[in-house]
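Participant: This is the structure, below, for whatever I ask next.
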Amino acid sequence: MESSSNASSAYASTVATPSTTPPPSGSISNAGSDAENQSKLKSAFSVSTSLWDPEPVTDCVSAPPNRILLGILKRFIGVSDIASVRFSLPSQLLEPVPNLEYWNYLDRPETFVSIGDSDDGLERFLGVLRFWFTKDLKFVKGKPCKPYNSTLGEFFRCSWDVETTLPPVPVPRPISRGSAKSKSTSISIPASATVPTSKAPVRVSFLTEQTSHHPPVSAFYIDCPDKGISARGYDQISAKFTGTSIRVTPGEHNLGIFINLNSRGNESYRLTHPAASLGGLLRGSLNLYVEDVCYVTCPKTKLKAILHYLGDSWLGKAKHRVEGIIYEYGGEEDNITKIKDVPPKAVRAKIEGSWMTQTYYTLPGSSEKYLLIDLDPLVPAQKACPPPEIMLPNESRKMWQGVSDAIHAKDYARATQLKCEIEDRQREKAAARAAAELEWKPRFFEAPALTAGQPTLSKDGELALKGLYTGDYKLAASGVTGA
């Protein structure tokens, strides 16, 4: 649930964030040279040189893909973090899509741009949760897959034109009728719950860049000026092979998705992701399951949600259940981590359902369930990208186009050759920087790039986002590239 939200990325670049609310991260881990950081990580994870930067695995076209994958993963039993090892998979195990393109949280952008529409704080919070349950729709509707490993300095940009935004999630209000002695109570649902709120399309833009290679970290920024809403964060995962599944947890710099409502006095939300697991490796039928707790917090309204993803037996059919609670907390911070510890008088709403199908909410004093989101009829929205002739060489689709074409043509030998050429260029440039004692600096995000989980756009980043909004996609070529 990603995100580089989400366990599909275990066997990919997963996005997961801490299952408890962590303190802000202080210093940047890739402040030194690539060689220094690689050395630190080798010590921290006890990864041997042969595992850290191996020769690409030879294609075994005749062997079943699940047998090839298991054979590779067996090498990493006991390794603390296979996500930082960055081993190279044969091309027939890869999904022909760049990692940075695959990892975005706008599978249904209308849920994101609609978050700030309501004047009611609880309705806005419910709008955040509606977005939360749609952000990883690709996992609900698709299959776990492994995109390409991102190269240092690689970037991806796209936008969506949202034709119709959603109405606020309604919070029914009790209406009392009758005399003081005899009152009847009914529920009133605001009229805004039945009609769209937008007449003209609004554009939401997405920019992401690989800011570190060891460990692999990417920064992202989402912006919708028309609605006064933005979001940012870092994507990084830690993954471990247990022998039967891949367990995906957040990397140290992945502190969540940070949403800001400029139109609501900079009202902010922090969303952390649950850890997830990718199972079915032995059977050759991959499946995603989640068993963890995550949090959504709004310091301005003092509202917080605890979402508990309930475990399913790996032998039985997964039910993908989730239950949660929204409550109001006092003071500057809240340290409650379990639903059972929330005082009943603080509860504002309860959440229940399946994160794969329908999710509902109920209000205090009532057992009636209201639909928060139904994922069954939804599919991921299509992205709009710059024309190929305008893309830069280190732009994701341009960089990996030859590999993708070869995979689509089932020419796996050619795909592996082209993939290895990209990886070799990256190694050569990293070695040259280390020899010259040059530090890598991201182009679209300010350095240091890993502070407190919230990246800051550089001038080039602001220009790139503005170009996405206006349709002016031309950018100057990058002076330095990582591959």
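Participant: Please work out if Ile390 is touching a Phe, Trp or Tyr at 6+ places or on another chain (Cβ under 8 Å), over 26 Å from Ser277 (Cα atoms) and open to solvent by 20 Å² or more (accessible area, probe 1.4 Å). Quick ask: steps written out before the conclusion?
Facilitator: Values: touching a Phe, Trp or Tyr at 6+ places or on another chain (Cβ under 8 Å): yes; over 26 Å from Ser277 (Cα atoms): yes; open to solvent by 20 Å² or more (accessible area, probe 1.4 Å): yes.
Yes, satisfied.
Participant: Output the residues belonging to segment 202-217 that are hydroxyl-bearing (Ser, Thr, Tyr) and either over 13 Å from Tyr234 (Cα atoms) or not in a strand (DSSP E or B) (or both).
Facilitator: As a first pass, look at segment 202-217 and keep what is hydroxyl-bearing (Ser, Thr, Tyr): 205, 208, 211-212.
Matches in segment 202-217: Ser205 only.
Participant: Inspect all residues belonging to segment 451-462 and state whether any of them is surrounded by fewer than 19 Cβ atoms within 10 Å (Cβ to Cβ) and among the β-branched types (Val, Ile, Thr).
Facilitator: Yes, the conditions are met somewhere in segment 451-462.
Participant: Just name the residue that is farthest from Phe131 (Cα to Cα) out of those in segment 324-364 that are open to solvent by 70 Å² or more (accessible area, probe 1.4 Å) and touching a helix residue (DSSP H, G or I) at 6+ places or on another chain (Cβ under 7 Å).
Facilitator: Narrowing segment 324-364 to residues open to solvent by 70 Å² or more (accessible area, probe 1.4 Å): 328, 332-333, 335, 338, 340-341, 344-345, 348, 350, 352, 364.
Next, only the ones that are touching a helix residue (DSSP H, G or I) at 6+ places or on another chain (Cβ under 7 Å) stay: 328, 348.
Working: Glu328: 20, Arg348: 19 Å.
So, considering only residues that are open to solvent by 70 Å² or more (accessible area, probe 1.4 Å) and touching a helix residue (DSSP H, G or I) at 6+ places or on another chain (Cβ under 7 Å), the one farthest from Phe131 (Cα to Cα) is Glu328.
Participant: Looking at the structure I just gave you, is Leu122 open to solvent by less than 20 Å² (accessible area, probe 1.4 Å) and at pLDDT below 75? Spell out how you get there, then give the answer.
Facilitator: Values: open to solvent by less than 20 Å² (accessible area, probe 1.4 Å): yes; at pLDDT below 75: no.
Spelling it out, it is not the case that Leu122 is open to solvent by less than 20 Å² (accessible area, probe 1.4 Å) and at pLDDT below 75.
Participant: Starting from segment 420-432, keep only residues that are open to solvent by less than 60 Å² (accessible area, probe 1.4 Å), then list their pairs with residues that are in a helix (DSSP H, G or I) and at pLDDT 90 or above whose Cβ atoms are within a distance under 8 Å, requiring at least 6 positions of separation or different chains.
Facilitator: Within 8 Å, the pairs are Ile422/Met399; Ile422/Val403.
Participant: Looking only at residues that are of a type outside the set (A, V, I, L, M, F, W, C), outside any helix (DSSP H, G or I) and open to solvent by 30 Å² or more (accessible area, probe 1.4 Å) in segment 393-419, which one is farthest from Gln92 (Cα to Cα)?
Facilitator: Filtering segment 393-419 for residues of a type outside the set (A, V, I, L, M, F, W, C) gives 393-398, 401-402, 404-405, 408, 410-412, 414, 416-417, 419.
Filter again for outside any helix (DSSP H, G or I), leaving 393-395, 410-411.
Within this subset, residues satisfying the condition of being open to solvent by 30 Å² or more (accessible area, probe 1.4 Å) are 393, 410-411.
Working: Pro393: 24, Lys410: 8, Asp411: 9 Å.
Within segment 393-419, the match that is farthest from Gln92 (Cα to Cα) is Pro393.
Participant: Output the residue which, of all residues in segment 128-145 that are basic (Lys, Arg) and under 22 Å from Ala219 (Cβ atoms), is surrounded by the most Cβ atoms within 10 Å (Cβ to Cβ).
Facilitator: From segment 128-145, those basic (Lys, Arg) are 130, 135, 138, 141, 143; that's our starting set.
Filter once more, keeping what is under 22 Å from Ala219 (Cβ atoms): 135, 138.
Details: Lys135: 26, Lys138: 18.
Once the filter is applied, the top-ranked residue is Lys135.
Participant: Could you grab me the full set of residues in segment 146-171 that are outside any strand (DSSP E or B) and either among the aromatic types (Phe, Trp, Tyr) or open to solvent by 10 Å² or more (accessible area, probe 1.4 Å) (or both)?
Facilitator: Looking only at segment 146-171, we keep the residues that are outside any strand (DSSP E or B), and these are 146-147, 149-154, 163-171.
Within segment 146-171, Lys146, Asn149, Glu163, Thr164, Leu166, Pro167, Pro168, Pro170 meet the criteria.
Participant: Could you say whether any residue in segment 69-82 is modelled with pLDDT under 80, among the charged types (D, E, K, R) and not in a loop (DSSP other than H, G, I, E, B)? Spell out how you get there, then give the answer.
Facilitator: Our first condition is that a residue be modelled with pLDDT under 80; within segment 69-82, this holds for 69-82.
In the following step, the residues that additionally are among the charged types (D, E, K, R) were identified as 74-75, 81.
Adding the requirement that they be not in a loop (DSSP other than H, G, I, E, B) leaves 74-75.
Yes, the conditions are met somewhere in segment 69-82.
Participant: On to the next question. Name, by its number, the condition in (1) within 20 Å of Asn99 (Cα to Cα); (2) in contact with a strand residue (DSSP E or B) (Cβ under 8 Å, 6 or more places away or on another chain); (3) modelled with pLDDT under 95 that does not hold for Ala231.
Facilitator: Every condition holds for Ala231 apart from (3).
The values are calculated or read from the model by the stated rules, or taken from the named source; none is laboratory data. The shown structure was predicted, so the numbers you read here are calculated from the model rather than taken from an experiment. Cβ sites come from the backbone with ideal geometry, for glycine too, and all protein chains shown count toward neighbours. Accessible surface is based on the protein model in full, side chains and every heavy atom, while ligands, DNA and RNA are left aside. Shrake-Rupley method; radii C 1.70, N 1.55, O 1.52, S 1.80 Å.
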